[in-house]
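Structure, as structure tokens:
The values are calculated or read from the model by the stated rules, or taken from the named source; none is laboratory data. It should be emphasised that the depicted structure is a prediction, and the values quoted were computed from it without experimental measurement. For neighbour counting, all protein chains shown are included, and Cβ atoms are generated from backbone atoms with ideal geometry for every residue, glycine included. Just so you know, the surface numbers come from the protein's heavy atoms only, side chains and all, with ligands and any DNA or RNA stripped out. Shrake-Rupley method; radii C 1.70, N 1.55, O 1.52, S 1.80 Å.
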Amino acid sequence: MTNNPLKKLTDLGQSIWLDYIKRDLFSNDTLKNMIEKYSLRGMTSNPSLFEKAISDSADYDNDIEKMQREGKNVHEIYTALTLKDVQDAADVFRPLYDHTDGQDGYVSLEVNPHLAHDMQGTIAEARILWQALDRPNVFIKVPATRAGLSVITQLISEGINVNVTLLFGLTRYREVAEAYIAGIEARIAQGKPVKNVMSVASFFLSRIDVLLDPILKNSVTSHAEMSKFASKLPGEVAIASAKLAAQISDDIFKSDAFKKLAEKGALIQRLLWASTGTKNPEYSDVKYVEALIAPHTVSTLPLETIEAYYHHGKPFVRLNDDLDQAHFAFQTLSEVGIDMDMLTQQLEDEGVDKFIKSYDQLIMAIKNKMNK
């Protein structure tokens, strides 16, 4: 397909990651063919994806039965299954990683979400996963909680690639970027190389609008004088947040201070757009892709959104368009009494809870297969 919109995104400098993982992708050339067809530059996983993959297929049954006979417990089985999938995916993406000198070709694995507020526990598990994966083209996913900030700094200082996940707010994003830089500075101070130490900051989008849209509609009726402005904001706050996050990124990673680190090999922490599947049927199915196209960013898309963009995407660089409107949106939110720091903290808390629920369901699914 000569007019492949996904390939055009790659040409524009944006990396597309597949937000999906399942073992049958690796049993033949399925993933390799998808990389070619959709111009995929990476892949991610999370407890929800693994729960669906293991519950809805028999692909993992033989391995579960074998490890059960070997006396492994359910958590050991879970770890072995997820490690193998991420290793296999990373091996398929390895040629891209090598070809791009480590700029692309990554696969992500998340720490146990029960550790989201446990700094030392997260660091310990991240080290174990990093060593067990034994691949340069992987990320360890760490949630952007308060405890996670210190984790980011420590792991980066040890040369462990970090995908900062469950990021919703602008204040927290700035803290995440600063935590990454602190880790780079610590590693340089130790006399260790930083050239191949990578990080992305995963900004979750559609969940912001899912939470804010009903609140905004109520604000329209409660603040008559602001109604003509607030009425335009439903469906726009997530994209405004992303645009302002990109400005923060530019302020930090184009600064003279970071240029000094870059001279020593430091790489920028790329912004990654997550939760890009449109949840409101009234919105375009590629809404959270089209508005946020820019070089040096990552967009991680579920399979259905990838298919949609493949068929009717219109790729142009748009991330820096309408910045005044994005600033005005946040000003309006403040004027109608909406506290974005409070609401994004709520989203972070809910996000952790959702991942914990998916993790627990996944453990139960493995237990059920062990008891057959």
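Worth pointing out:
- Between residue 334 and residue 117, the C-beta separation translates, for a Förster distance of 25 Å, into a calculated FRET efficiency of about 0.30.
- Toward the positive end of the charge dipole of the chain, with +1 on the Cβ of Lys and Arg and -1 on the Cβ of Asp and Glu, the farthest Cα among 273, 340, 96 is that of 96.
- Links that overshoot a 27 Å alpha carbon limit, given the list 84/141; 37/243; 287/354: 37/243
- Shape call, the range 274-372: gyration tensor on alpha carbons, a/c limit 1.5: oblate
- Label assignment, Cα extents along the principal axes in Å derived from the structure, set [x] 67, 54, 38; [y] 118, 52, 41; [z] 69, 50, 48: [z]
- Partners of residue 232 within straight-line reach, counting aspartates and glutamates whose Cα lies under 20 Å from its Cα and excluding those fewer than 8 residues away in the same chain: 209, 213, 282, 285, 290, 321, 322, 324, 335, 339.
- Solvent exposure, largest accessible area first (probe 1.4 Å, DNA, RNA and ligands not counted), of 282, 307: 282, 307
- Residue 36/residue 304 FRET efficiency (R0 22 Å; Cβ-Cβ; nearest 0.05): 0.70
- The distance separating the Cα centre of the range 275-328 from that of the range 141-158 comes to 28 Å.
- Spin-label pair residue 282/residue 94, simplified geometry with 7 Å Cα→Cβ offset, distance in nm: 5.0 nm
- Distance in nm between pseudo-label sites at residue 57 and residue 255 (7 Å out along the Cβ direction from Cα): 4.4 nm
- In this structure, the residue pairs whose Cα-Cα separation is over 21 Å, taken from 192/260; 7/279; 8/259; 8/195; 22/369, are 7/279; 8/259; 8/195.
- For the range 37-171: rounded, prolate or oblate by the Cα gyration tensor [a/c cutoff 1.5]: oblate
- Inter-probe distance in nm under a simple model that places probes 7 Å from Cα toward Cβ, at residue 190 and residue 3: 5.2 nm
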